[in-house]
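Encoded as structure tokens, the structure appears first; notes follow it.
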């Protein structure tokens with residue numbers, strides 16, 4: 001129902017002012033109450049999740065999807081713990097980032113304020129309902145949650161518990177609004193409420209992200225795929241490079257900060273590649289390589305152009321031998337996704353050239369791509385990883401859900417003093 | 001021609017890497033060469049502008065529009081001087097804003113990089129061609145300029161001069177690309193080049209902004225109208241409040257940081273309004289007021305709801321008497337445009353309440369709304385004023401044409417160390 005969505009969204013916008021006005025202590029109390037309410041509703045949440053699981057199984061949903069959807073007591077406890085972790089994060093709201101006294105005596109400050117209303121668009125993971133709500137509220141924003149239909153019962157149960165906490169604390173429940181109509185029409189309507197929604201954040205597969213980007217009229221921060229590269233430079237420490245390769249490719253291949261492509265300097269190829277590929281194969285990684293790689297190591301299947309552009313999210317890696325740092329940079333520019341790139345090198349000047357030439361959100365020198373994560377980089381937690389070079393670029397924490405504005409204090413200064 | 005726009009845009013994107021790689025000194029040299037080239041082409045620019053003026057007059061263009069379009073030797077000199085001013089601004093690119101060593105020893109830095117390719121969409125002012133180009137390039141970005149058809153000859157002449165400077169310095173001229181096809185179809189195509197354009201900035205009337213917002217698929221930072229308020233609190237200094245009122249309303253009524261509405265606390269109305277309105281009338285300002293204002297001062301015409309929402313851009317002001325600070329805040333929330341609001345008060349606690357409750361880009365305490373300007377607030381110059389609460393909010397300078405990304409340096413750290 002069209003009018004119903006708009007009414008809900010406007011109620012959410014009205015509630016945003018109440019959230020924005022809370023001080024740090026009040027927001028911590030709120031999140032603590034949310035965690036308690038969700039813990040108390042564990043049985044209801046698991047019951048609701050069982051309904052979702054049953055329907056998903058009946059629909060022939062894949063095992064991987066079923067695993068994303070599934071909750072149990074331990075996972076609910078994990079969600080509760082995650083809310084408590086967000087509650088102790090530094091509060092970005094109200095922070096004065098800069099202060100300057102101008103020649104005329106006005107004092108100009110830049111101060112962080114919340115964005116307002118954030119629309120989260122996501123798929124089958126019910127934990128996003130609580131994670132996103134906690135982070136948005138901690139940063140002083142109201143939130144509209146639009147999860148996938150597969151997880152609707154679970155999401156309703158979680159949101160019901162969280163909203164009870166808002167009510168207990170005396171905040172309008174509309175500050176945490178779940179859209180219970182999973183139709184695409186309603187999503188499109190939500191994405192076009194330009195007078196209500198300050199930011200939409202889609203999280204999910206490429207299809208969802210593209211759909212949101214196509215239909216949104218509100219600002220969107222996109223999180224496309226991660227085609228992360230490791231470049232092993234001419235004078236890299238081979239032990240170090242091998243450790244980064246194995247961690248990046250095998251520690252969790254299904255995530256966006258896993259490595260997808262290995263680039264090796266020609267001078268390192270004959271010494272490094274045989275060891276590296278042998279180790280990858282021990283760990284069941286399929287290796288696809290260019291001609292130089294295949295000439296160096298037997299049994300490597302050929303890598304296509306598509307392989308170099310692919311986010312495998314699996315135990316597969318594309319390998320290429322390059323003639324120089326510049327050739328490695330050119331490869332990443334052509335095939336990269338602006339997510340995370342790594343150089344292994346002992347040449348500090350070369351590392352600086354790599355950093356300057358690569359425009360990805362995260363560039364690592366002698367560290368694993370798997371650190372490209374809000375928690376690992378010191379943001380506490382993340383609401384996603386932006387590959388849009390605007391507002392936020394890379395992992396987004398609570399601060400990325402705020403914006404700097406100007407506060408000016410004077411004692412009567414005017415721009416054009418009048419003597420009459 | 002469709003393919004031609006795309007080709008030009010891709011050439012601009014390729015050139016962006018060259019601009020992003022320039023150090024501060026090289027960018028200053030480039031802007032200096034641009035200023036010299038434009039000064040050398042003064043005659044050609046004035047000739048081209050004469051053609052635009054002739055065509056505009058033949059089309060019956062209004063005097064105000066003709067004035068925006070018109071160039072003379074002094075205005076060209078002003079544009080040249082503005083480029084030289086941008087050339088000495090602090091360079092935001094490469095600045096490390098934060099550095100943290102994580103417990104595992106990786107050093108995480110946040111470093112500013114350029115956005116990439118910026119599309120400026122504007123109307124009849126030919127100076128924007130040079131101003132926007134200079135600021136975008138100084139912040140390390142390539143720029144695509146799409147001005148209005150009225151100023152096309154002038155824009156081509158200016159861009160030709162500026163591109164000659166790029167060529168002299170050895171930068172691909174495509175880094176400064178002027179679209180010489182002023183059709184709406186081409187603008188829409190430009191606004192949908194999501195793989196090329198990192199940010200579109202429309203500058204012009206509300207019609208243009210709405211058109212861009214409707215058709216863009218690339219990120220847009222919008223600059224809507226400024227309905228700026230002055231609230232004179234119960235215990236304001238009347239002299240100070242009067243000075244802010246006169247400066248805000250009359251020093252330049254046609255700009256977006258001029259005052260449009262005066263709110264006065266009930267307890268101040270009988271003493272302040274008669275003097276204030278008499279002074280406004282001396283300065284030929286038409287006053288429209290609510291019932292309380294009209295009961296206090298004779299001859300005030302009634303203010304409608306539309307008047308309170310209006311950006312008059314003229315010597316007209318809407319006045320309302322409010323019962324409290326909260327009522328003033330509620331009025332601004334309802335009618336404001338998130339641009340700039342001012343409180344005149346001696347009550348510091350009340351001022352803080354006002355600052356917290358008002359979510360506009362700029363909030364002033366005892367200072368004129370006319371300071372809501374990049375130059376006045378210390379940004380050097382501005383490319384526009386954002387009323388979008390994302391990325392930048394308020395006046396946007398060179399820094400707003402960059403984004404922070406992550407640079408991580410380690411000595412071999414991995415996320416999941418393996419003992420095998």
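The values are calculated or read from the model by the stated rules, or taken from the named source; none is laboratory data. Remember, predicted model here, so these are calculated numbers, not experimental data. Cβ coordinates were reconstructed from backbone atoms using ideal geometry, including for glycine residues, and neighbour counts include every protein chain displayed.
With respect to residue A:35, determine if the residue is part of a helix (DSSP H, G or I) and touching a helix residue (DSSP H, G or I) at 6+ places or on another chain (Cβ under 6 Å). If you could, list the steps in order and put the result at the bottom.
Working: part of a helix (DSSP H, G or I): yes; touching a helix residue (DSSP H, G or I) at 6+ places or on another chain (Cβ under 6 Å): yes.
So residue A:35 passes the test.
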Q) So residue A:62 fits all but one of (1) at pLDDT below 95; (2) surrounded by 15 or more Cβ atoms within 10 Å (Cβ to Cβ); what number is the exception? A) (2)
Q. For residue A:211, which of the numbered conditions (1) surrounded by fewer than 24 Cβ atoms within 10 Å (Cβ to Cβ); (2) touching a residue at least 24 places away in the same chain (Cβ under 8 Å); (3) more than 14 Å from chain B (Cβ to nearest Cβ) fails to hold?
A. (3)
Q.
I'm told residue B:78 meets every condition in (1) loosely packed, with under 15 Cβ neighbours inside 10 Å; (2) over 24 Å from the mean Cα position of the chain (by Cα) except one. Can you identify the failing condition by its number?
A. (2)
Q: Tell me, please, whether a residue that is modelled with pLDDT under 95 and either in the same structural domain as residue B:324 (by TED's automatic domain parsing) or under 30 Å from residue B:184 (Cα atoms) (or both) can be found in region B:266-288.
A: no
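Can you find a residue in region A:338-345 that is in a helix (DSSP H, G or I), within 11 Å of chain B (Cβ to nearest Cβ) and closer than 18 Å to residue A:259 by Cα? Show your work before the answer.
Within region A:338-345, the subset in a helix (DSSP H, G or I) is none.
No: zero hits.
Somewhere in region A:283-302, is a residue within 23 Å of residue A:206 (Cα to Cα) and either part of a helix (DSSP H, G or I) or under 24 Å from the mean Cα position of the chain (by Cα) (or both)?
Scanning region A:283-302, I find no residue that is within 23 Å of residue A:206 (Cα to Cα) and either part of a helix (DSSP H, G or I) or under 24 Å from the mean Cα position of the chain (by Cα) (or both), so the answer is no.
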Q.
For residue A:274, only one of the following conditions fails: (1) over 15 Å from residue A:287 (Cβ atoms); (2) surrounded by fewer than 23 Cβ atoms within 10 Å (Cβ to Cβ); (3) away from every other protein chain (no Cβ under 14 Å). What is its number?
A. (1)
Q) What residue, among those in region B:120-131 that are modelled with pLDDT of 95 or more and touching a strand residue (DSSP E or B) at 6+ places or on another chain (Cβ under 6 Å), is farthest from residue B:186 (Cα to Cα)? A) B:129
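Taking region A:136-151, which residues are touching a strand residue (DSSP E or B) at 6+ places or on another chain (Cβ under 9 Å) and either farther than 23 Å from residue A:39 by Cβ or in contact (Cβ under 8 Å) with a residue 40 or more places away in the chain (or both)? So that I can check it myself, show each step before the final result.
Just the residues of region A:136-151 that are touching a strand residue (DSSP E or B) at 6+ places or on another chain (Cβ under 9 Å), to begin with: A:136-137, A:139-148, A:151.
A:136, A:137, A:139, A:140, A:141, A:142, A:143, A:144, A:146, A:148, A:151 - these are the residues of region A:136-151 that are touching a strand residue (DSSP E or B) at 6+ places or on another chain (Cβ under 9 Å) and either farther than 23 Å from residue A:39 by Cβ or in contact (Cβ under 8 Å) with a residue 40 or more places away in the chain (or both).
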Q | Yes/no for residue B:318 being within 15 Å of residue B:231 (Cβ to Cβ), buried (at least 24 other Cβ atoms within 10 Å of the Cβ) and within 14 Å of chain A (Cβ to nearest Cβ) | A | no
Q: Please tell me if residue A:278 is part of a helix (DSSP H, G or I) and in contact with a strand residue (DSSP E or B) (Cβ under 6 Å, 6 or more places away or on another chain).
A: no
Q.
Within region A:347-395, take every residue that is within 10 Å of chain B (Cβ to nearest Cβ), in a loop (DSSP other than H, G, I, E, B) and in contact (Cβ under 8 Å) with a residue 40 or more places away in the chain and give me the one that is surrounded by the fewest Cβ atoms within 10 Å (Cβ to Cβ).
A. A:373
Q. Is at least one residue of region B:72-86 assigned by TED's automatic domain parsing to the domain that holds residue B:166, in contact (Cβ under 8 Å) with a residue 24 or more places away in the chain and closer than 21 Å to residue B:180 by Cβ?
A. yes
Q | Condition check for residue B:209: over 26 Å from residue B:358 (Cα atoms) and in the same structural domain as residue B:146 (by TED's automatic domain parsing) | A | no
Q | Residue check, residue B:328 buried (at least 20 other Cβ atoms within 10 Å of the Cβ) and in a helix (DSSP H, G or I) | A | yes
Q: Take region A:222-239 and flag every residue that is within 13 Å of another protein chain (Cβ to nearest Cβ), farther than 22 Å from residue A:310 by Cα and buried (at least 22 other Cβ atoms within 10 Å of the Cβ).
A: A:236
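Can residue B:402 be described as touching a helix residue (DSSP H, G or I) at 6+ places or on another chain (Cβ under 7 Å), within 11 Å of chain A (Cβ to nearest Cβ) and at pLDDT 95 or above? Walk me through how you get there before you give the answer.
Numbers: touching a helix residue (DSSP H, G or I) at 6+ places or on another chain (Cβ under 7 Å): no; within 11 Å of chain A (Cβ to nearest Cβ): yes; at pLDDT 95 or above: yes.
Considered against the rule, which asks whether it is touching a helix residue (DSSP H, G or I) at 6+ places or on another chain (Cβ under 7 Å), within 11 Å of chain A (Cβ to nearest Cβ) and at pLDDT 95 or above, residue B:402 comes out as no.
With in contact (Cβ under 8 Å) with a residue 24 or more places away in the chain and crowded, with 23+ Cβ neighbours inside 10 Å as the only criterion, which of B:313, B:283, B:263, B:242 stands out? Give the derivation first.
Values: B:313 fails: crowded, with 23+ Cβ neighbours inside 10 Å; B:283 fails: crowded, with 23+ Cβ neighbours inside 10 Å; B:242 fails: crowded, with 23+ Cβ neighbours inside 10 Å.
After applying the criteria, what remains is B:263.
For residue B:407, are the conditions met, namely being free of Cβ contacts under 8 Å to residues at least 40 places away in the same chain, within 9 Å of chain A (Cβ to nearest Cβ) and either over 18 Å from the mean Cα position of the chain (by Cα) or within 30 Å of residue B:120 (Cα to Cα) (or both)?
No.
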(Q) Tell me whether region B:47-56 contains one or more residues that are at pLDDT 95 or above, in contact with a helix residue (DSSP H, G or I) (Cβ under 7 Å, 6 or more places away or on another chain) and part of a loop (DSSP other than H, G, I, E, B). (A) no
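Would you please name the residue that is nearest to the other protein chains (Cβ to nearest Cβ), looking only at residues in region A:85-124 that are more than 26 Å from residue A:29 (Cα to Cα) and touching a helix residue (DSSP H, G or I) at 6+ places or on another chain (Cβ under 7 Å)?
Narrowing region A:85-124 to residues more than 26 Å from residue A:29 (Cα to Cα): A:98-110, A:121-124.
Checking the rest, the ones that are also touching a helix residue (DSSP H, G or I) at 6+ places or on another chain (Cβ under 7 Å) come to A:106, A:121-124.
Numbers: A:106: 5, A:121: 16, A:122: 20, A:123: 22, A:124: 25 Å.
Residue satisfying both the conditions and the ranking: A:106.
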